[in-house]
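Below is one structure, written out as structure tokens; comments come after it.
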DNA sequence: CCGCTTCGTGAACGGCATTCACTGTGTGAA
DNA sequence: TTCACACAGTGAATGCCGTTCACGAAGCGG
């Protein structure tokens, strides 16, 4: 009987969890530092003081390891967006969306390796077997944040709710429709398919700026990339009608 | 005296050019097929029937080879845009820009490896020494195409030319301003800094859609990605005021 | 014809991911 | 307490990879 809490957790299990975390966080750090291409399973093993082959006791392959990192990266990105949304709760919708999308850019600039991993990599590095790696659900959770802000704005009458014009048979996939439903549950306000599509467009436009900025392509054109982001974001939010 | 044309071109020089082209085109094909990450110098050597070390008689390193491919990829992309612009010469500006940006998406979808190489890769693979690899000038040439279409529209009075409001000290870099000047020379019509920035925003928004689409992220949301692209593009062109 | 440049080879080095037979050791049951 | 076993970790081996280097075999200009 003795300890009631962690009776089932043996000494070895605890140690395993420790080294597993060590491996994963080392992998994330190296990914941030050296990028997707510079990533090396052996380097991770070196850093945690293990033989390369020992890593395979924890992850089936390099792919699985990277996928695990991708998973936490998705969560961290979503957290960053959600924090921005929470910090601005009660403010005008436009300002909140500005904050959320600015957080998106900030996260990308401070986590270039993870951004590359999630958004700019062919799936050869991901698509493992155990932890849903580039599972659409992760992306949905991210997208859900700005959508909830929009729903909140609709609920407070700030944002005009388009009269749900019939946009052909159906433009959103079933999983995306599920997101729409969950947003409605969480915020108590429906968001039509139309605004959902508009929000996808907005997110896409913001993503484009961030992606090009991150890889240095905007530096060829723009002197002050931060200021021009504000400008770009403003135009995007205008289009969104918020 | 004999042949006046290729007197200075020896038999060997010609053969060299042939194998060089063979290497480069093989590299481009493999890049398209296997992506940036799956690219292998040894595989290229295998395909052209050479020893890996023999490649170094033609390119200083794998980096140099990839950079050369990137250069031609830039040119091909620019050609694709320019063709779209030329084919629609005389039509309405909006339709022409639609054609140009649709060509951008089409090129990306048919050349995923090259797109990744140009826009979604950290410069570790590029930045060679000989042929300006990810030189901003290449990007400028690409960007110049839609800008010329816009200038043409301004010249024909279709597009309202904003009254050149002072947008702070200067938003465009000097090379970008040079593009603006060249556009003015080629089309005979000035394009203010303001429209140039708006066009950057438009291009950025389109790029975001293409990038996310290419990596399968939009499939999680949108049923008909082509139709939604038209929709997105329409909104972008509305913002542009064209 | 000769010397020189150039193309191509094959071996080698170090790094990579991955597999496998192996050793010790913590663990749970007898 | 003892025993068998599951399991973390090792180290060697395999087959990729990019890159270098010494060498042979041609084509080339004088």
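Read the figures in this text as sums done on the coordinates, not as results from a lab. This one's a predicted model, so the numbers in the text were calculated from it and none came from an experiment. Every residue, glycine as well, gets a Cβ built from its backbone with ideal geometry; the counts of neighbours run over all protein chains shown.
Numbers below:
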| quantity | calculated |
| --- | --- |
| The protein assembly as shown: C-alpha gyration tensor shape, a/c 1.5 cut-off, then a/b vs b/c | oblate |
| Calculated FRET efficiency for the pair residue B:106/residue B:61, C-beta based, R₀ 35 Å, to 0.05 | 0.60 |
| Within a Gaussian network of chain B (alpha carbon springs, distance under 10 Å), most fluctuating of B:141, B:11, B:105 | B:11 |
| Net lengthening on full extension, residue A:47/residue A:29 (0.36 nm per residue, minus Cα-Cα) | 5.4 nm |
| Shape call, segment B:2-123: gyration tensor on alpha carbons, a/c limit 1.5 | oblate |
| Closest approach to the B/A rotation axis among chain B Cβ atoms, residue and whole-Å value | B:208, 1 |
| Förster-model FRET efficiency, 45 Å R0, residue B:18 and residue B:89, C-beta, rounded to 0.05 | 0.75 |
| Cβ-based exposure ranking for A:109, B:147, in which fewest neighbours within 10 Å come first | A:109, B:147 |
| Other protein chain Cβ atoms within 10 Å, averaged over every residue that makes up B:191-204 | 4 |
| Shape category assigned to segment B:62-240 from the gyration tensor of Cα positions, a/c cut at 1.5 | oblate |
| Centre separation in Å (Cα based) which lies between segment B:174-242 and segment A:68-91 | 28 |
| Estimated 222 nm signal from helices in chain B, with DSSP H stretches of n ≥ 4 weighted -39500 (n - 2.57), rounded to 500 | -22000 deg cm²/dmol |
| Inter-copy separations for residue A:56, label at 7 Å along Cα-Cβ, nm, ascending | 3.1 |
| Candidates A:190, A:114, A:148, ranked by Gaussian network fluctuation over chain A, Cα under 10 Å, top entry | A:190 |
| Most mobile of B:14, B:181, B:29 in a GNM of chain B (Cα contacts under 10 Å) | B:14 |
